[in-house]
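The values are calculated or read from the model by the stated rules, or taken from the named source; none is laboratory data. Predicted model, so just to flag it, every value in this text is computed and none were measured. Here the Cβ positions follow ideal geometry from the backbone for every residue, glycine too, while neighbour counts run over all protein chains shown.
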Amino acid sequence: MLKFFKRSSTLAFGMISAIFTFVPETCFEKYILLTNYSTEANIVVNRMMTFIVVLLMSILGNALYLHFRRNVHINGHNYSIHIKYGNLFKMRKCKKVIPFDECFTTSVGSRPCDINPDSICGQYLKEHPIQDIKSLINNIQLHPAKNKSKYQSKECYTSGKLVPNGDDLLLAFAKLNEDGLGQFTREEYLECLSVLWKEIDKYYGQMNVCIPILGSGVTRIDGISLTQQELLDLIIESYKLSTYKIKVPYKLYIICKKKDNFSLNRIGETL
């Protein structure tokens, strides 16, 4: 709230400075609000009233802007992050990161070990069935991780690694527990992001890259489900600190879903 009023007052002071600089003083003499006082006193009152009106307009305009905004841009040294509400699958002229589990499971269903049909991965597999994920993996000579998955000791891959499939980048993401459910520690999640930025640097091929808020589905981190707000802040901070970034003019897009207790206006507040 303090940031909101500071932004509104800064805007108001800028506007009022321009008004007082370019509007002739004779305009403030036209309206006599205090009939028993001098012209100078009325000018002061008119200026104060003008400032109050401009301030209220700035607060209202700022409130409407924050309420209806659908994207946020974060620009740094030779990188650009765009966070926006939208549908990952409707993004065009970009490479889309599709999060799988660490075993690149392709079976969609209701079992704990299946891909949730409502997840991004589930929706992707329904539209783009993959008959032979192993051949895609072998094409880029991606080697399995040293340790087997906790789920049935299956062959798995390092979280954060990417497998290209056309313009889509299939991501080895969630580590699986003994029940086949996605679960990370906070350190594992951050390490996954670190690997991901390096992989994107390898595969973005002079195109924008779009990612969802990773982990905002059923994946648990340290046994709890972090909010979309918390996960977004972790992703942005990790990308800022990484030495691997998409070079301008190409951008990293983070696509968000509208949810309760989530706002683009609160980016950075959970760190």
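What pairs come out if I take residues in segment 185-214 that are among the hydroxyl-bearing types (Ser, Thr, Tyr) and pair them with residues that are assigned to a loop (DSSP other than H, G, I, E, B) whose C-beta lies under 6 Å away, six or more apart or interchain?
Here the result reads Thr185/Asp222; Tyr204/Ile246, each pair linking segment 185-214 to a residue that is assigned to a loop (DSSP other than H, G, I, E, B).
Residues of segment 115-163 being aromatic (Phe, Trp, Tyr) and either at pLDDT below 95 or assigned to a loop (DSSP other than H, G, I, E, B) (or both), which ones? Working first, answer last.
So the first thing to find is which residues in segment 115-163 are aromatic (Phe, Trp, Tyr), and the list is 124, 151, 157.
Residues satisfying the conditions are Tyr151, Tyr157.
Would you call Tyr244 in contact with a Phe, Trp or Tyr (Cβ under 6 Å, 6 or more places away or on another chain) and not polar (S, T, N, Q)? Before the answer, list the steps.
Numbers: in contact with a Phe, Trp or Tyr (Cβ under 6 Å, 6 or more places away or on another chain): yes; not polar (S, T, N, Q): yes.
It is true that Tyr244 is in contact with a Phe, Trp or Tyr (Cβ under 6 Å, 6 or more places away or on another chain) and not polar (S, T, N, Q).
Search segment 109-137 for residues being in contact with an Asp or Glu (Cβ under 9 Å, 6 or more places away or on another chain) and surrounded by fewer than 19 Cβ atoms within 10 Å (Cβ to Cβ), and hand back the single one that is nearest to Gly166 (Cα to Cα). Give the steps one after another, and end with the answer.
Here is the first cut: in segment 109-137, the residues in contact with an Asp or Glu (Cβ under 9 Å, 6 or more places away or on another chain) are 112-113, 115, 121-122, 124, 128.
Narrowing the set further to residues that are surrounded by fewer than 19 Cβ atoms within 10 Å (Cβ to Cβ) leaves 112-113, 122, 128.
On the way: Pro112: 29, Cys113: 26, Gly122: 18, His128: 11 Å.
In this case the residue turns out to be His128.
Identify, from the list Gln152, Gln229, the residue that is in the same structural domain as Arg111 (by TED's automatic domain parsing) and surrounded by 17 or more Cβ atoms within 10 Å (Cβ to Cβ).
Gln229
Would you confirm whether or not segment 53-60 contains a residue that is modelled with pLDDT under 95 and assigned by TED's automatic domain parsing to the domain that holds Asn208?
no
I'd like the full set of residues that are closer than 21 Å to Tyr65 by Cβ and touching a helix residue (DSSP H, G or I) at 6+ places or on another chain (Cβ under 7 Å), limited to segment 232-254.
Across segment 232-254, the qualifying residue is only Ile254.
Only one residue in Ile211, Ile200 is closer than 26 Å to Pro112 by Cα and of a type in the set (Val, Ile, Thr). Which one? Can you show your working first?
Numbers: Ile200 fails: closer than 26 Å to Pro112 by Cα.
It is Ile211.
Being touching a Gly at 6+ places or on another chain (Cβ under 9 Å) and among the β-branched types (Val, Ile, Thr) narrows it down to one residue among Ile98, Ile115; which is it? Reasoning before the result, please.
Numbers: Ile98 fails: touching a Gly at 6+ places or on another chain (Cβ under 9 Å).
Exactly one of Ile98, Ile115 is touching a Gly at 6+ places or on another chain (Cβ under 9 Å) and among the β-branched types (Val, Ile, Thr), namely Ile115.
Go through the residues of segment 240-250 one by one and say whether even a single one is outside any loop (DSSP other than H, G, I, E, B), under 23 Å from Lys175 (Cβ atoms), in the same structural domain as Leu170 (by TED's automatic domain parsing) and in contact with a strand residue (DSSP E or B) (Cβ under 9 Å, 6 or more places away or on another chain). Lay out the reasoning, then the answer.
Initial filter on segment 240-250 (outside any loop (DSSP other than H, G, I, E, B)): 240-241.
This time we only want the ones that are under 23 Å from Lys175 (Cβ atoms), so: 241.
After this cut, where a residue has to be in the same structural domain as Leu170 (by TED's automatic domain parsing) as well, the list is 241.
If we keep only those that are in contact with a strand residue (DSSP E or B) (Cβ under 9 Å, 6 or more places away or on another chain) too, we end up with none.
Within segment 240-250, none of the residues are outside any loop (DSSP other than H, G, I, E, B), under 23 Å from Lys175 (Cβ atoms), in the same structural domain as Leu170 (by TED's automatic domain parsing) and in contact with a strand residue (DSSP E or B) (Cβ under 9 Å, 6 or more places away or on another chain).
Under 6 Å between Cβ atoms, at least 6 apart or on separate chains: pull out the pairs that start in segment 1-27 with a residue that is over 17 Å from His67 (Cα atoms) and end on any residue that is among the hydrophobic types (A, V, I, L, M, F, W, C) and surrounded by 10 or more Cβ atoms within 10 Å (Cβ to Cβ).
Ala12/Val54; Ala12/Leu55; Met15/Val54; Ile16/Phe51; Ile16/Val54
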